[in-house]
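Since the structure comes first, as structure tokens, the remarks are kept for the end.
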Amino acid sequence: MTWSKALKDTVRTGLTVERTKLQPLVAVRGAAGVAIVIGVVLWLATPTLAVSSAFGAFASALVTFQRSWRPRPVLALAVAAGLAISTFLGYMAAADHLVFAVLLAVWTLLAGMAWAVGPVSGMVATQTVAVMLITVTLPTSVAGALLHAGIIVCAGVVQAALIVLFPIRPWGLQRDALADALAAEADYARRLRHDPVARFDAQPLMDARSAAELTPRQARNRPRQLGGPRGVAERLRPVLASLADPVVGAPAEGPERDHVRDLLAAAATVLDAVARSIRWGRPVRLPPEVMAVLEGAESGSMLTGPARRSALRLIALLADAVEATDETVKEAPPANGDQPAKKPRNSREKEPYRHLLRPTVPRLVPVGLRALRREARWSSAIGRHAVRVAAVSLAGYALGSALPLGHGYWAPMTSVMVMRPDFGQTYSRGVARFVGTLVGVFVGGLVMALAHPGPWVCAALAVVCIGLMYLLMRTGYSVASACIAAYVVFLLGIAGEGWSQTVEERVILTLLGGLLAMAAYALFPAWETPKLRDRLADWLAANGRYSLAVLDTYARPAERKPRRVRESLLDARAARQAWDDAVARAQREPVRHRGISRSAERGAEAALATMGRTTMLMEAHLPDRDATPSKEAGDFAAALRAALPEAVSAVRERRDLDWSGPLQAYAAWQARVGDEGVAVRAAELLVDALDELAGVLSRGPGGRNRAARR
């Protein structure tokens, strides 16, 4: 992509205003916290302290809107503590410009590295840098610095208390994540009716798993409805795929295929009903015609072989999903007045649900330190981002102080707020920040010029602006930036700042900070494009471990290890998501493709997706512990295990892949048993996928393995 096209895309993205679901009650609660803090401090203390407390209350509430699975009060208190520490240290160093510059560089470097822990940690750390730059400009002493820090902590306590006293849809994010996962399964079932090899986006399942990680205290208070359905959703996907696939399921055409389509439609209806039940805490309601399809599939003999086993497994899992909602199933009354159909009985006992343990806040410290050590290297995008943002903040601070304007901190603050570890977000946020600031300072300045409001009216207007920001922040960064700009104008009005000077300074310094951020990424980039081969190799390695775990179960069913299969599946899923994210970022970068072309990228993605899907089909029919071991599956697994490391290295180093060992092992397997059995039929799809991967990445036409196979 050229620079001109990349800039057009980032400008379009930054200025896009999206329609999204608003949360007015949550926004009102956050704005009420800001109003309480500003009002009390303005009444009992000075306007300067009121401005300081306003930033603490604003940031403490802002973090609670982020997509984090931790309790909201804990997030508010954590960010308030971080803001208080950064404010106090900033005050201690503010008297000496050199000392403050060193502190700013170190603190910003650590804030940039905080993105290694997670996006919420990175956002919180960025807020601490911004508040440090703002509050140190408010005159005070050492005792006053302690008072400012204490006021900020109190602001966080107020926001946390409001969350506890006025809970709005508790566990709402967890409910939505689980409901989205079930709804994604329902959509997958519907698409499988028309496309038996339809792609499934695993992101909703990954989000549901993250949402299910609980601290011990959360586990004691978790609604029972958020228990079993997640595990059911995980087990449903391979069953749905194996039922629809014409290789291991029903034939592509005929009565069995029609019956499979009806069963998939019924499964989608059940999953949608369970998703609605979990999202809103209501009973599951199923129409009688759906129950009739499920009961007919359970008692009839329309399907045979692997397809029938998949159908029975699907019915049992759907019954588990309904029962796990902990509500009585209520069927919609039939139109003809007949008795409602009974729900299908579950053919096995419901498995006990075990929650995933999330570390408590103290135990997060070693986790965070390990993440920082992992990313503290020159080749890391996070490490380069930390160096980049530290250098830009210093440059912005120096330029802002040297210019004959007040409020020089706005330049480095803008740079820190817009910079992200990837090119697309940095440039789109830079454009959105500048445009939003223009709108916000124009509106705020116009109100100040026409109305000349006093401190209390300015405080009220600031609360209104921040309430609008909380309400509209998910519609686009430009909208949020406009609200924040007006909020700052009114806050400075509380302290008696002139509105005309504020508008001029804010526009110029915001433009300067945005340009510094963009120039820094252009001069010191961390492009994702050259790393695509590494991401592809990681995905191949993860897929290979998943395939080996499943094949080993066929080879030695008595040594079956479900946990190994499960962990390898999660690794493969994470590698696939990392690849998708990398490709999305690379497509927005103004660099030429080095190492892999667009066509090879798409072909390799299709081949590895087929490899993962084929392994999932085998997983859906794993043998029991007392089943007969498959020596052929063991030989195929041994050949794949021997070839995999060299293939992963070949992908990284741009060499041809050699799958001759697995191809020969599969040929021997097929010669012994023919096409009987799910495993050998799936193995054919697997070697086809490996062959296709070798072909698209081969430097020569056709690829080495295609010629070898012929």
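The values are calculated or read from the model by the stated rules, or taken from the named source; none is laboratory data. Keep in mind that what you see is a predicted model, and the values were worked out from it rather than measured. Here Cβ is always computed from backbone atoms with ideal geometry, including for glycine, and neighbour counts include all displayed protein chains. Note: areas computed on protein heavy atoms with side chains; ligands, DNA, RNA excluded. Shrake-Rupley method; radii C 1.70, N 1.55, O 1.52, S 1.80 Å.
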Based on Cα positions only, what radius of gyration and what Dmax would you give for region 1-147, in angstroms? 17.9, 57
If a/c stays under 1.5 just call it rounded; otherwise compare a/b with b/c (prolate if a/b is bigger, oblate if not). Do that for region 174-288, with a ≥ b ≥ c from the square roots of the Cα gyration tensor eigenvalues. prolate
Rounded to the nearest percent, how much of the accessible area of the chain (1.4 Å probe, protein heavy atoms only) is carbon and sulfur? 60 percent
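Keeping all protein chains in place, calculate the accessible area per residue for the chain (probe 1.4 angstrom), answer in Å². Spell out each step's value before the answer.
Working: 30770 Å² over 710 residues.
I get 43 Å² per residue for this part.
Give me the percent relative contact order of the chain, please, defined on Cα pairs under 8 angstrom at least 6 residues apart. Present the calculation step by step, with values, prior to reporting the outcome.
Working: 1101 pairs, mean separation 107.3, N = 710.
Relative contact order for the chain comes out at 15 percent.
With +1 on each Lys and Arg Cβ and -1 on each Asp and Glu Cβ, and nothing else charged, work out how big the dipole of the chain is about its Cα centre, in Debye to the nearest 20. Could you put the intermediate results ahead of the total?
Numbers: 84 positive and 61 negative charges, 142 e Å.
About 680 debye.
Show me 280-288, 102-110, 234-242 ranked by packing, highest mean number of other Cβ atoms within 10 Å first.
Ranking, from highest mean packing down: 234-242, 102-110, 280-288.
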What is the Cα coordinate range of region 1-43 on the first, second and third principal axes, sorted by size from largest, in whole angstrom? 55, 25, 10
Apply 1/(1 + (r/R0)^6) to the Cβ-Cβ distance of Ala45 and Asp580, taking R0 = 51 Å, and write down the FRET efficiency to the nearest 0.05. 0.50
Taking only Cα atoms of region 401-546, radius of gyration then Dmax in Å: 19.7, 69
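From the protein chains alone at 1.4 Å, what is the descending order of accessible area for His148, His97, His407, His194, largest first? Don't jump to the answer; show the numbers that get you there.
Details: His148 5, His97 120, His407 35, His194 150 Å².
Ranked list, largest accessible area first: His194, His97, His407, His148.
As an exercise, identify the trypsin sites (Lys or Arg not before Pro) in region 600-688 lying in DSSP coil whose Cβ has no more than 11 other Cβ atoms within 10 Å.
Working: sites: Arg602, Arg613, Arg625, Lys631, Arg641, Arg652, Arg654, Arg655, Arg672, Arg681; in loops: Arg625, Arg654, Arg655.
Of the trypsin sites (Lys or Arg not before Pro), the ones in loops of region 600-688 whose Cβ has at most 11 other Cβ atoms within 10 Å are Arg625, Arg654.
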Value at 222 nm in deg cm²/dmol, rounded to 500, when DSSP H runs of n ≥ 4 in the chain each add -39,500 (n - 2.57): -24500 deg cm²/dmol
What does the chain give for Rg and for Dmax, in Å, if only its C-alpha atoms count? 29.2, 90
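Using alpha carbon coordinates only, what is the Rg to Rh ratio of region 500-572, with Rh defined as the Kirkwood radius?
Working: Rg = 25.2 Å, Rh = 16.7 Å.
Result: Rg/Rh = 1.51.
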Please report, to one decimal in angstroms, the Kirkwood hydrodynamic radius of region 599-704 built from all distinct Cα-Cα pairs. 14.5 Å
What's the lysine pair count for the chain at a Cα cut-off below 22 Å, pairs eight or more apart or interchain? 7
Mind running the shape call on region 94-182? Use the C-alpha gyration tensor, a ≥ b ≥ c as the square roots of the eigenvalues: rounded below 1.5 for a/c, prolate if a/b tops b/c, oblate otherwise. oblate
Roll a 1.4 Å probe over the protein heavy atoms and report the accessible area of Trp69 in Å², nearest 10. 30 Å²
